[in-house]
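Notes for the one structure printed next.
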Amino acid sequence: MITASAPGKVILFGEHAVVYGRPAIAVPVTQVKATASIEPGRAGRGMTILATDLTRAMHLRDAPADDPLASIARLALAHFNAPEPDANVTVHSTIPIASGLGSGAAVSTSIVRALAKFLSRPIDEAALSALVYEVEKLHHGTPSGIDNTVVVYARPVYFVRGRPIQTFSVKCPFTIAIGDTGVRSPTKIAVGDVRRAWEADRARSERLFDRIGSIAERARAAIEAGEVDALGPLMDENHALLREIGVSSDELERLVSAAKEAGAAGAKLVGGGRGGNMIALVDVSTREPVERALREAGAKGVIVTNVE
Ligand code: PMV
């Protein structure tokens, strides 16, 4: 049996504006991951894919054209120029779905990596990221490409749509608590609503995106200079702008306020918004009170992770 995996991710700064060409910063979250296993199947049966949330294995040859799991398998086989193998793929993920942690990109990445090992065809990160991006279009509509990039490279990334990826160094490691509202919110819907607002009043949306882009630039400079104290206010500012864009929700507001009241230096929603996760900047003294406050305010899960 061959297995391969990929981490989750979180966008620290710049979501939504990144779809419109502004920079964003994202980091991997290694406490959660997607894993694909693959083993030889019965001769002539072709490939089956079993996801732990599906009740039965799906035959690749019968799967609908827009099924994300089948799509990544088909794209990978086309990339490897390989016929469909007789093999059974099982996918398991500890990354909550539709909650801003990159589960779709991680599942796709793990499947391609497992197939690459099974077929003994190496694939480099750029090619892998491009394949995963194709499937992100099914999840997202108009993805910026940040999810596939950070999940595949598994490093902190400063991302500008259409430009080569830039990784950067974190001078002083810092800690974030990630709180899950438990509300599943497909990114596609929030991204579509943001698009409609942009179409209705481009000048207003572009002004908000400019402000978010400038926060992402300042945050990168602060992270590279080890100025962790600067990050909290930048998170708060970014969150306020995301609220203005219309992608916050009552549950997200409750968790963001709870984290701040418990001493977090800053807090914001992450990813598509409307539900999913938020992050709070914590340190040794605020970590526990913030984690407790998030749970008391209704968080369905809290992950504490170091950015380094
Ligand atoms: O909800 P997530 O973590 O998949 O992130 C979406 C990020 C957006 O900027 C809202 C969309 C995108 O494609 O970049």
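The values are calculated or read from the model by the stated rules, or taken from the named source; none is laboratory data. None of these values were measured; they are calculated from a predicted model. In this analysis, Cβ positions are derived from the backbone assuming ideal geometry, glycine residues included, and neighbour counts consider all displayed protein chains.
Numbers below:
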quantity	calculated
Residue in the stretch 98-107 that is more than 23 Å from ARG56 (Cβ to Cβ), of a type outside the set (Ser, Thr, Tyr) and surrounded by fewer than 24 Cβ atoms within 10 Å (Cβ to Cβ) present	no
Residue in the stretch 127-139 that is outside any loop (DSSP other than H, G, I, E, B) and acidic (Asp, Glu) present	yes
From SER99, SER169, residue being outside any strand (DSSP E or B), more than 15 Å from the ligand (Cβ to nearest atom), farther than 23 Å from THR3 by Cβ and touching a residue at least 40 places away in the same chain (Cβ under 8 Å)	SER169
Test: ALA36 is free of Cβ contacts under 8 Å to residues at least 60 places away in the same chain and over 30 Å from ILE215 (Cβ atoms)	no
When residues of the stretch 118-146 are limited to those that are without any contact (Cβ under 8 Å) to a residue 12 or more places away in the chain, away from the ligand (no atom under 16 Å from the Cβ) and not hydrophobic (A, V, I, L, M, F, W, C), the one nearest to ALA82 (Cα to Cα)	SER120
Selection status of ASP86, of a type outside the set (A, V, I, L, M, F, W, C) and either at pLDDT 95 or above or away from the ligand (no atom under 13 Å from the Cβ) (or both)	yes
Subset tally (residues that are more than 16 Å from the ligand (Cβ to nearest atom) and touching a residue at least 24 places away in the same chain (Cβ under 8 Å)) for the stretch 238-254	1
Matching residues in the stretch 147-164 - criterion: being over 16 Å from the mean Cα position of the chain (by Cα) and either without any contact (Cβ under 8 Å) to a residue 40 or more places away in the chain or within 11 Å of the ligand (Cβ to nearest atom) (or both)	ARG163, PRO164
In the stretch 176-216, residue nearest to ILE25 (Cα to Cα) [restricted to those that are of a type in the set (Gly, Ala, Ser) and touching a residue at least 60 places away in the same chain (Cβ under 8 Å)]	ALA216
Residue tally, condition in contact with a His (Cβ under 9 Å, 6 or more places away or on another chain) and polar (S, T, N, Q), over the stretch 23-79	4
Condition broken by SER110, with the remaining ones in (1) polar (S, T, N, Q); (2) crowded, with 24+ Cβ neighbours inside 10 Å; (3) more than 15 Å from the ligand (Cβ to nearest atom); (4) without any contact (Cβ under 8 Å) to a residue 60 or more places away in the chain satisfied	(4)
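So that you can scan it fast, the table gives a plain yes or no per residue for (1) crowded, with 18+ Cβ neighbours inside 10 Å; (2) aromatic (Phe, Trp, Tyr); (3) within 25 Å of GLY266 (Cβ to Cβ):
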{"position": "CYS172", "(1), (2), (3)": "no, no, yes"}
{"position": "ILE178", "(1), (2), (3)": "yes, no, yes"}
{"position": "SER185", "(1), (2), (3)": "yes, no, yes"}
{"position": "ARG202", "(1), (2), (3)": "no, no, no"}
{"position": "ARG207", "(1), (2), (3)": "no, no, yes"}
{"position": "ILE212", "(1), (2), (3)": "yes, no, yes"}
{"position": "ALA216", "(1), (2), (3)": "yes, no, yes"}
{"position": "ALA221", "(1), (2), (3)": "no, no, yes"}
{"position": "GLU224", "(1), (2), (3)": "no, no, yes"}
